[in-house]
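Data block below; observations after.
The values are calculated or read from the model by the stated rules, or taken from the named source; none is laboratory data. Remember, predicted model here, so these are calculated numbers, not experimental data. No Cβ is skipped: glycine too gets one built from the backbone with ideal geometry, and neighbour counts run over all protein chains shown. Just so you know, the surface numbers come from the protein's heavy atoms only, side chains and all, with ligands and any DNA or RNA stripped out. Shrake-Rupley method; radii C 1.70, N 1.55, O 1.52, S 1.80 Å.
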Amino acid sequence: LFSSKALKPMSGSKKKAYKYYLCGIFLNLVGGYHTTSGQKQNISLALYIKNTKLNRQDYEDLSELAWQNLELDFEKNKVKKPYDDNLINTILAFTRVRIDEIEEKGVSLFQAEQIKGIIDYHEYTGHPSLRDFHWFEFDINRGIFPTIPQMIIFNDLKAHWNVYIDLMNQFSGIKKKVVTHKERFDAITDKGHREFEHKLGAMQRNLVFLAVTFVEACLYDFFYNIKSGNLPEKEKVISVLELKKTNDKTIVEDIIYKMYPEVKIEVEPLYAKYKEVLHYRDRYVHASPFIDESSNTSQLQPLLEIRKSKAIDFLQDSYNFINKINEILPDHFKILFWMFDKVVDFYKEETMPLTNEGSRLSKHAYEEI
C-alpha cells in the first residue's frame with residue numbers, strides 16, 4: 001500500500017484521498033491499533049480507492065471524510081503541525097522505510113530524531129528523558145516504543161526469576177517428602193530429583209549473570225546519554241568519554257563519582273556489594289580450572305557456591321545499587337524512568353509482572369477506531 005509503485009499511477013483527488021487513508025493506517029500502526037476493526041476499515045477503504053475508478057467528486061467526498069477523522073487523530077496522537085502536504089509525504093516516506101526494513105530484516109529500529117518531525121515523542125511516550133539519539137522500534141502489531149536496553153534485560157531477568165520461583169515451589173514439595181536417611185539416598189540417586197537440582201543450579205547462575213548484565217546495561221545507557229548529549233556536565237569527564245573502551249567500573253568511578261562527588265559515600269557500600277556479584281558473574285562467563293592465586297583455590301569455587309540465598313542476595317544487591325544511582329541522578333539522566341514495578345523485592349520469593357497494565361496496549365479495544 002505504501003510503495004512508490006502503488007502511488008505512482010494515481011493523481012489529483014484520487015491520490016489525495018489515498019494518501020489520507022494511508023496516514024490513518026500509519027497512526028494505527030504507531031499506536032498499536034493495527035489489529036483493531038478501525039484499521040481493518042482504513043485498509044479496506046485504501047484498497048477500494050486504489051483499485052477503483054470513480055469520478056472526481058466521489059474521490060473528493062472520500063478525501064473530506066478521511067481528513068475529518070485524520071485531523072482529530074493527528075491531535076490525539078501528538079502529531080506536529082502544520083498538517084500539510086509536507087507532513088503527509090513525510091509520514092508516507094517514513095512508513096515505507098520502516099515496512100521495507102521489517103520485510104527485509106524482521107525488525108525495524110530508528111532513532112527518535114527520525115520521527116520528531118512527525119510526532120512529539122516526549123508527549124507520545126510520556127518519557128521526557130528520551131532524546132533524539134535514543135532508539136525506537138517500529139512493530140506492526142505493537143506500534144512504536146523506545147528500545148531501552150536495561151528494560152529488555154530486566155524483563156528477561158524477571159522471566160527467568162518467575163521460572164525459578166515456580167521450580168523452587170515444585171522442588172520444595174518434593175524435598176518435604178525426604179525425611180529418613182534412606183529417603184535421602186533415594187532422592188540423590190533419583191534421576192528426576194537430580195534433574196530438578198540441575199535446573200535450579202542453572203537458573204541461579206543465570207540469574208546472577210542477568211543481574212550483572214542489567215546493571216551494566218543501565219550504566220552503559222547513562223554513558224551513552226552523556227556521550228551523545230550536549231549537556232554542561234559532560235565537560236567534567238570529557239577525557240573519559242573519549243576513551244576507546246570503557247566498562248562498568250570506569251563509568252562508576254571515573255564518571256559518576258567525578259560528576260557527583262557528593263554521592264560517593266552513599267553509593268560506595270552498594271557498589272562494594274555489586275563488585276562481589278561481578279566477581280561471581282565473571283567466574284561464570286570465564287569458567288576455567290585455573291587457580292585463584294589470591295586464595296589458592298579453584299576459580300570454579302565461586303560458581304559452585306551459588307545457592308538460593310546467595311543468588312537472592314546478589315539479585316537484590318544489584319538492583320539496590322542501580323536504584324540508588326538512579327535516585328541520585330538528575331531527571332535528564334534517569335536510567336529507570338521506564339519501570340512500572342512498584343517494588344522490587346527478591347526476598348519475597350514471589351513472581352514479578354512481565355507486562356504493564358497501564359500501558360497503551362493494555363487499554364486497547366478491538367472496536368476502537
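Rg over Rh of the range 64-210, using C-alpha atoms and the Kirkwood radius, what does it come to?
Working: Rg = 25.6 Å, Rh = 19.8 Å.
Over the Cα atoms of the range 64-210, Rg/Rh equals 1.29.
Taking a cut-off of 16 Å between Cα atoms, list the aspartates and glutamates near residue 199, but don't count ones fewer than 8 places away on the same chain.
Result set, ordered by chain and number: 166, 190, 305.
For the range 1-153, with only Lys/Arg (+1) and Asp/Glu (-1) charged at the beta-carbon, what is the dipole magnitude about the Cα centre, in debye rounded to 20?
420
From the phi angles alone, apply the Karplus equation (6.51, -1.76, 1.60; θ = phi - 60°) to the range 92-103 and give each ³J(HN,Hα) in whole Hz, x where the residue is Gly or Pro.
So the Karplus estimates, Gly and Pro as x, are 5, 5, 4, 5, 4, 5, 5, 5, 4, 5, 5, 5 Hz.
Under 5 Å between amide H atoms, partner at least 5 residues away or on a different chain: which partners does residue 147 have, H built in plane at 1.01 Å?
For residue 147, the qualifying residues are 135, 136, 137.
So how do 256-266, 90-100 stack up, highest first, on mean other-Cβ count within 10 Å?
So the peptides 256-266, 90-100, ranked by packing, come out 90-100, 256-266.
How far is the Cα center of the range 8-72 from the Cα center of the range 112-161, in Å?
When both Cα centres are located, 28 Å separates them.
With runs of 4+ DSSP H residues as the only contributors, calculate the mean residue ellipticity of the chain at 222 nm using -39,500 (n - 2.57) per run, divided by the residue total and rounded to the nearest 500.
-19000 deg cm²/dmol
Hey, what do the phi angles of the range 187-202 turn into as Karplus ³J(HN,Hα) couplings, whole Hz, using 6.51/-1.76/1.60 and θ = phi - 60°, x for Gly and Pro?
Per-residue couplings from phi come out as 5, 6, 9, 7, 4, x, 5, 5, 4, 4, 5, 5, 4, 5, x, 5 Hz.
Taking just the alpha carbons, could you work out the radius of gyration and Dmax for the chain, both in angstroms?
26.9, 91
Heavy atoms only, probe 1.4 Å: what % of the accessible area of the chain goes to carbon and sulfur, would you let me know?
53
Please state the charge dipole magnitude for the chain, taken about the Cα centre, from unit charges on C-beta atoms (+1 on K and R, -1 on D and E), reported in debye and rounded to the nearest 20.
Computed charge dipole of the chain: roughly 820 debye.
Which is farthest toward the positive dipole end of the chain among 83, 280, 38, measuring Cα position about the Cα centre, with Cβ charges +1 (Lys, Arg) and -1 (Asp, Glu)?
The Cα lying farthest towards the positive end belongs to 38.
Whole number in Å², please: accessible area per residue of the chain, 1.4 Å probe, ligands, DNA and RNA not counted. Walk me through the numbers before you get to the answer.
Numbers: 20000 Å² over 369 residues.
Result: 54 Å² of accessible area for each residue.
Contact order normalised by length for the range 39-166, with contacts defined as Cα pairs under 8 Å and 6 or more residues apart; what percent is it?
Once divided by the residue count of the range 39-166, the mean separation gives 17 percent.
Taking amide H positions as placed 1.01 Å from N in the peptide plane, with prolines and chain starts having none, which residues 5 or more places from residue 119, or on another chain, fall under 5 Å of its amide H?
80
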